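First up is the structure itself, then whatever we jot down about it.
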Amino acid sequence: MAIAANYRKHPEALALQMPLPFGRILKWATARPTTKLMRDIRAARGRAFAAAGRIAHPAKRTTPQWVKEATRNLHIWLQKAFVQMPLATD
């Protein structure tokens with residue numbers, strides 16, 4: 001309440017505040033809107049976020065080569081281990 005009262009007494013103080021950046025980085029994981037109005041709003045919002053430099057495209061994560069080699073070696077080791085296991089017969 002004290003902050004709001006201060007702005008009522010001194011409205012120029014609100015105008016002098018540093019402009020706040022947009023919130024979190026915009027993620028494009030939302031579904032495409034179905035109405036033309038909502039698509040237009042989303043397009044305008046996207047242009048505004050792009051102008052502010054707040055759009056982050058997801059980076060493709062790659063598997064390190066050592067993980068691929070370890071997985072392949074484990075697979076080969078398991079194949080050999082299962083071939084050598086005797087089957088139980090009654």
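Filter the range 14-42 down to residues that are modelled with pLDDT of 70 or more and open to solvent by less than 80 Å² (accessible area, probe 1.4 Å) and give me whichever is nearest to Ala59 (Cα to Cα). Checked the range 14-42; the qualifying residue nearest to Ala59 (Cα to Cα) is Arg42. The set of residues from the range 48-66 being in a helix (DSSP H, G or I) and loosely packed, with under 10 Cβ neighbours inside 10 Å comprises Ala51, Gln65, Trp66.
The values are calculated or read from the model by the stated rules, or taken from the named source; none is laboratory data. As the structure is a prediction and not an experimental result, all values here were calculated from the model. Every residue, glycine as well, gets a Cβ built from its backbone with ideal geometry; the counts of neighbours run over all protein chains shown. Areas reflect the complete protein model, heavy atoms only, side chains present, ligands, DNA and RNA absent. Shrake-Rupley method; radii C 1.70, N 1.55, O 1.52, S 1.80 Å.
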